[in-house]
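Contents: one structure, followed by commentary.
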Amino acid sequence: MSLDSVSAESVQHLLAAHESLLRSVLGWSRWRFQPETRADLLQKIRLEMLSHPEALAGAADAAGLLKQICIRRCIDEVRRQIRERQVMVSGEDDPPDPADDAADPVRLVLRAERARAIRRLLDTLDDTCRTALHQFYVEGLSYLDMGRRLGISTNTVGSRLAKCVAKLRALARHDRELGEYFRS
């Protein structure tokens with residue numbers, strides 16, 4: 001099928017033909033997505049493609065392009081989840097908005113306790129891990145910026161972050177306060 005001019009109907013056929021590819025990318029274990037999150041992301045990708053069929057126009061490899069789009073949406077979701085966790089860990093001192101569901105006192109206490117426990121675990125990590133985690137999750141630096149700052153390659157940044165997150169996760173799983181939260 002020539003993708004020079006793509007209609008909504010042809011996009012639907014293309015999405016149906018490549019749904020197993022999209023589901024497989026959404027199911028990669030590295031994402032750690034719940035089934036509901038995978039279903040939501042698949043729906044968002046469908047809607048995005050149907051709303052902007054011109055994104056597929058001129059693409060020589062529709063499957064490759066759909067895979068790239070799916071991977072980008074997964075990365076966006078991971079970043080969204082990280083930001084959500086950062087808010088939980090930040091230990092903000094601002095009073096919560098009473099209209100917000102997070103104003104529940106029990107949730108606030110649990111969030112503050114988890115934040116303290118995570119900070120305590122971070123303090124037990126070596127300086128290399130603490131620095132890498134802080135630069136990526138708190139400062140929001142890209143792998144490229146971190147590599148430049150630390151004098152290492154971007155691939156090394158990625159593997160270092162993965163190892164540091166694995167160390168932190170292992171500590172959390174065996175922690176008395178955080179074990180239950182991180183085992184699920």
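The values are calculated or read from the model by the stated rules, or taken from the named source; none is laboratory data. Small disclaimer: the values here were computed from a predicted structure and weren't measured. All Cβ positions, even for glycine, are placed from backbone atoms using ideal geometry, and neighbour counts span all protein chains on display. Side chains are part of the model used for accessible areas, which takes the heavy atoms of the whole protein and leaves out ligands, DNA and RNA. Shrake-Rupley method; radii C 1.70, N 1.55, O 1.52, S 1.80 Å.
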Test result for ARG111, modelled with pLDDT under 90, open to solvent by 90 Å² or more (accessible area, probe 1.4 Å), of a type in the set (D, E, K, R) and in a helix (DSSP H, G or I): no
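Per-residue answers, yes or no, for (1) on the phi > 0 side of the Ramachandran plot; (2) modelled with pLDDT of 85 or more; (3) surrounded by fewer than 16 Cβ atoms within 10 Å (Cβ to Cβ); (4) not in a helix (DSSP H, G or I):
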| position | (1), (2), (3), (4) |
| --- | --- |
| LEU21 | no, yes, yes, no |
| ARG46 | no, yes, no, no |
| GLY58 | yes, no, yes, yes |
| LEU65 | no, yes, no, no |
| ILE69 | no, yes, no, no |
| ASP76 | no, yes, yes, no |
| GLN81 | no, no, yes, no |
Qualifying residue in region 26-33 (condition: of a type outside the set (Ser, Thr, Tyr), modelled with pLDDT of 90 or more and either closer than 24 Å to ALA166 by Cβ or surrounded by 14 or more Cβ atoms within 10 Å (Cβ to Cβ) (or both)): yes
